[in-house]
Amino acid sequence: MTELDSIRINFNESGLIFLNILLGLIMFGIALELKPKDFRLLFEKPRASLTGIVSQFVLFPLTTYLLLWILQPPPGVALGMLLVAACPGGNISNFITMVAKGNTALSISLTAFSSSLAIVATPFNFFFWGSLYPPVQTALREISLDPWDVFKAVLVILLIPIGLGISTKRFLPNVAAKIEKPLKILSALIFAAFLVVALAANFSIFLRVIHKVFLYVFLMNAAGFTLGYFFAKAMRLDEKDARCISIETGIQNSGLGLVLIFAFFNGQGSMAIIAATWGIWHAIAGALLAWFWSKRTANLGPQTQAVSEGS
C-alpha cells in the first residue's frame, strides 16, 4: 500500500449527515430555478444536447480511464479519478458558462438533465470503467461495494431534492420565487464554509500530499475542458455551444463524490484528496477559462448559425 492509499481523512458520521443534507439543499435550490423550457431545449437543440451528454457521460470517463493507463496512479487515486469522472456536472458550470459568453440556457438544461441521469450513469460509469482497470477492480473487490447501494445513495442525494424543487416550483410558485435566490446564495456559502472547516481539520495531511495528486487532477481537468470543446466543434456546433459543453465536461459535482467517498469508502484518503482538490481546482480553472473567453466574442457566422439552428 502506498502512502497515499494509507491516508485516512478525519471526518465523523455527523459531518457526513450534514454534507448529505447540504448537497441535497444545493440540488433543491438548483431545481427551484428550473423551468419547463430548460428541458424543452434538450429536444429543440438535439445535436447540442446529445453532444453534451455524450461528452460528459461517455467520452470523459473513457478519457479518464485512458489516463489511468498512461499515468499509472496508486489504486486509491485511480478510484478517486474514476469517481469524479462519473459524477454529473457541477452547479457552478452555469455561472462560469455565462461569464465565458457560452450558451447559458443549454448549460442549465445539461446540468439539470445530467443530475437526473447521474442516478444511473454515475454508478454505471464508476463500476464499468473500474472493472476494466485491474488495480481498481482489485480495490473494489476488497471493499465489497454493492453498485445497488451507490445507486440508492445517488437517488436520495440527487433525484429526491430535484423532484421536491420542481414540485415546489410547480405548485408553490410564490414560495419558490421568494426562496430560490437566498437559498442558492446561502447554500453556496455554507458549502464553502464546510469545505474550509473540513480542510482545516485535515490541513497537515492536505499539505503533505497535495503535490502528489495535483498533476492527476490538472491533467484530467484539462482533458475534460479540451475534450468538450473540440468534440462540440467536431459535431459542427457553434462557438457558444462549444464553450458550454467544454465547461459542462470540465466542471464536475465533486461534492457528490465526497459524499460517496465518506459513505462507502471509509474516508479513503487519496480518493477524498482527489475529490477535494478537484473541487478547488475546477473552480479556479473554470474561472480562468471563463475570463479568457469573456475577452473573445463568440461570433456566429452565417454558415455556423445555420448549422446551430438546424441542431
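Brief remarks follow.
- Checklist (1) open to solvent by 40 Å² or more (accessible area, probe 1.4 Å); (2) among the charged types (D, E, K, R); (3) modelled with pLDDT of 95 or more applied to Arg296, failing item: (3)
- Of the helices (runs of 4 or more DSSP H) lying entirely inside segment 130-197, the ones with 2 or more residues being among the small types (Gly, Ala, Ser) are found at 160-171.
- Scan of segment 118-130 for residues that are open to solvent by less than 50 Å² (accessible area, probe 1.4 Å) and at pLDDT 90 or above, ordered by number: Ala121, Thr122, Pro123, Asn125, Phe126, Phe127, Trp129, Gly130
- Matching residues in segment 61-81 - criterion: being hydrophobic (A, V, I, L, M, F, W, C) and open to solvent by less than 10 Å² (accessible area, probe 1.4 Å): Leu68, Val77, Ala78, Leu79, Met81
- Among the residues of segment 92-117, those identified as within 10 Å of the chain's Cα centre (by Cα) and either buried (at least 24 other Cβ atoms within 10 Å of the Cβ) or among the acidic types (Asp, Glu) (or both) are Ser93, Thr111, Ser114, Ser115.
- Hits in segment 255-272 (condition: part of a helix (DSSP H, G or I) and open to solvent by less than 10 Å² (accessible area, probe 1.4 Å)): Gly255, Leu256, Gly257, Val259, Leu260, Ile261, Gly269, Ser270, Met271, Ala272
- Positions within segment 30-70 being part of a helix (DSSP H, G or I) and of a type in the set (Asp, Glu), in sequence order: Asp38, Glu44
- Screening the candidates Ala232, Ala287 for the property of being part of a helix (DSSP H, G or I), touching a residue at least 24 places away in the same chain (Cβ under 8 Å), open to solvent by 10 Å² or more (accessible area, probe 1.4 Å) and among the hydrophobic types (A, V, I, L, M, F, W, C) yields one hit, Ala287.
- Looking only at segment 199-227, and only at residues there that are farther than 22 Å from Leu66 by Cα and open to solvent by less than 30 Å² (accessible area, probe 1.4 Å), the one that is modelled with the lowest pLDDT: Asn202
The values are calculated or read from the model by the stated rules, or taken from the named source; none is laboratory data. Computed from a predicted structure; not experimentally measured. Positions of Cβ are generated from backbone atoms using ideal geometry, with glycine treated the same way; all protein chains shown enter the neighbour counts. Note: areas computed on protein heavy atoms with side chains; ligands, DNA, RNA excluded. Shrake-Rupley method; radii C 1.70, N 1.55, O 1.52, S 1.80 Å.
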